[in-house]
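Student: Here's a structure for you.
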Amino acid sequence: MKTLQVIKILGLAYLSLILALPVQAQPEQAQTQNGVENLPLPLDEVRMFTEVLNRIRSAYVEPIDDKTLLENAIRGMLAGIDPHSSYLVNEEFDNLQEMTTGEFGGLGVQVGVNNGFITIISPVDGSPADIAGIKAGDIVIKIDDTPTSDITINETTDLMRGPPGTDIVLTILREGLDEALEITVTRDIITANSVRSRILEPGFGYIRLSQFITGTGREINTALENLHLSDTELQGLILDLRNNPGGVLQAAVDVVDAFISEGLIVYTEGRETNSYSQFNATPANPSRGVPLIVLINQGSASASEVVAGALQDHNRAIIMGTQSFGKGSVQTVLPLANNRAIKLTTALYYTPNGRSIQALGITPNIIVRQGRLTSLPENPASYREEDLEGHLENESLTGSIPEALDLTGQEVIISDYQLNEALNILKGLTLLRAQPY
């Protein structure tokens, strides 16, 4: 058995024994300490842990101090519950706060646990990981010389962090490849701009939302205002949530609120009464009701799914792309003594129609898998009516002819099949909306 695993087992046994001692005298009653209910523990399991504790104390190859046992016991308990609960000590808590404000050091990648493997949920746009070629769905099997099978998700994050300018080698498995890849990534200070926007073609706007941080709601309102101030009246909009790993729930609420003017956005439910909350839209509508398409994929998680699910339930947007990640749980940071805290899953969130996203994700209205779009040159030998000898002239040519929208000049569209399909459907929606009936 590996050293780390032995430590965690020993620590868990030791901690369970300590927690059990105050309640053994009256096992049928729950006790309350500092406002927290302490439920009685099963005595048979406590005895088993005690036996394991004594065996390891007497036979393990080297002594282990009690502090180490307790720290690893807490980590082991939380890591064993779900992939998102964790124990935060000193700088780990500070790192979490940095990520929610949008500036942090490291690779710029969101990781999780999938089927027991450390898996890339999504790299942040423009981050060192993104530039190096790390992709959503990559399985990390080694960080430098450390196998990820021997470490927790928090320890994985710690290893990825480091001074800007230093290199780290990630060994990954990628679907479709027979051999592992070794990718060198240079650490840097990650300053994430959560919202980017542009005009794709006259009348059609694009907003890329890479993550949800504290100021995302303000940024989305500014982007909408700027798009509406463009030279051509805004007729349609694409909101790109692909490979967006989520973030602050309130930021997701603010984004949805920018597109609807009434109704429920999301609600959360858990075991405790204070875990229930709901968020509703305000009357303001910066989007001005323009037709909307939202792009998602397997890297769209958490807050991204809140946005896609709410807009889908309100029939405010057409959701396109592929099935989202399915992270529908809410984590609460609970402070402890000695500059410690636990990040604990306390609730699940639900779309306005009561759908739980957990382990299911959001199913697009139109499934479009990513592909490669190639623009073929026009055949110079092709014939049209105007090439035929003696053809009739069109008397209306003296009037104005609408200028055709040429996609070949838009590199971002040509290189992105899903985005191109979304734009085509958005044009169709706009045409139908403009037709008198």
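The values are calculated or read from the model by the stated rules, or taken from the named source; none is laboratory data. Because the structure is a prediction, the values reported are computed rather than measured. FYI the Cβ positions are ideal-geometry reconstructions off the backbone, even for glycines, and counts take in every protein chain you see.
Student: Could you please find all residues in segment 265-287 being crowded, with 19+ Cβ neighbours inside 10 Å and of a type outside the set (Val, Ile, Thr)?
Tutor: Selection gives Phe279, Ala281, Ser287.
Student: I would also like to ask the following. If I go through segment 170-185 residue by residue, how many of them are in contact with an Asp or Glu (Cβ under 6 Å, 6 or more places away or on another chain) and surrounded by 13 or more Cβ atoms within 10 Å (Cβ to Cβ)?
Tutor: Residues meeting the conditions: 3.
Student: Looking at (1) touching a residue at least 12 places away in the same chain (Cβ under 8 Å); (2) closer than 29 Å to Tyr417 by Cα; (3) surrounded by fewer than 23 Cβ atoms within 10 Å (Cβ to Cβ), which is the only condition Gly328 fails?
Tutor: Condition (3) is where Gly328 drops out.
Student: Considering only segment 186-264, give the strands (runs of 3 or more DSSP E) lying wholly within it that have at least 3 residues that are of a type outside the set (S, T, N, Q) and within 22 Å of the chain's Cα centre (by Cα).
Tutor: It comes to 188-191, 204-209, 236-240.
Student: May I ask you to list the residues in segment 352-367 that are surrounded by 15 or more Cβ atoms within 10 Å (Cβ to Cβ) and not in a loop (DSSP other than H, G, I, E, B)?
Tutor: If the condition is that a residue be surrounded by 15 or more Cβ atoms within 10 Å (Cβ to Cβ) and not in a loop (DSSP other than H, G, I, E, B), then Ser356 is the only one that fits.
Student: Would you check if there is a residue in segment 268-286 being in contact (Cβ under 8 Å) with a residue 60 or more places away in the chain, within 28 Å of Leu423 (Cα to Cα) and over 20 Å from the mean Cα position of the chain (by Cα)?
Tutor: yes
Student: Another question, if that's okay. Would you say Pro352 is more than 29 Å from Leu241 (Cβ to Cβ) and either at pLDDT 75 or above or outside the structural domain of Ser302 (by TED's automatic domain parsing) (or both)?
Tutor: no
Student: Let me ask another. Inside segment 1-102, counting only strands (runs of 3 or more DSSP E) that do not spill past its ends, which hold 2 or more residues that are of a type in the set (A, V, I, L, M, F, W, C) and at pLDDT 60 or above?
Tutor: Because the criterion is at least 2 residues that are of a type in the set (A, V, I, L, M, F, W, C) and at pLDDT 60 or above, the strands (runs of 3 or more DSSP E) in segment 1-102 that meet it are 86-89.
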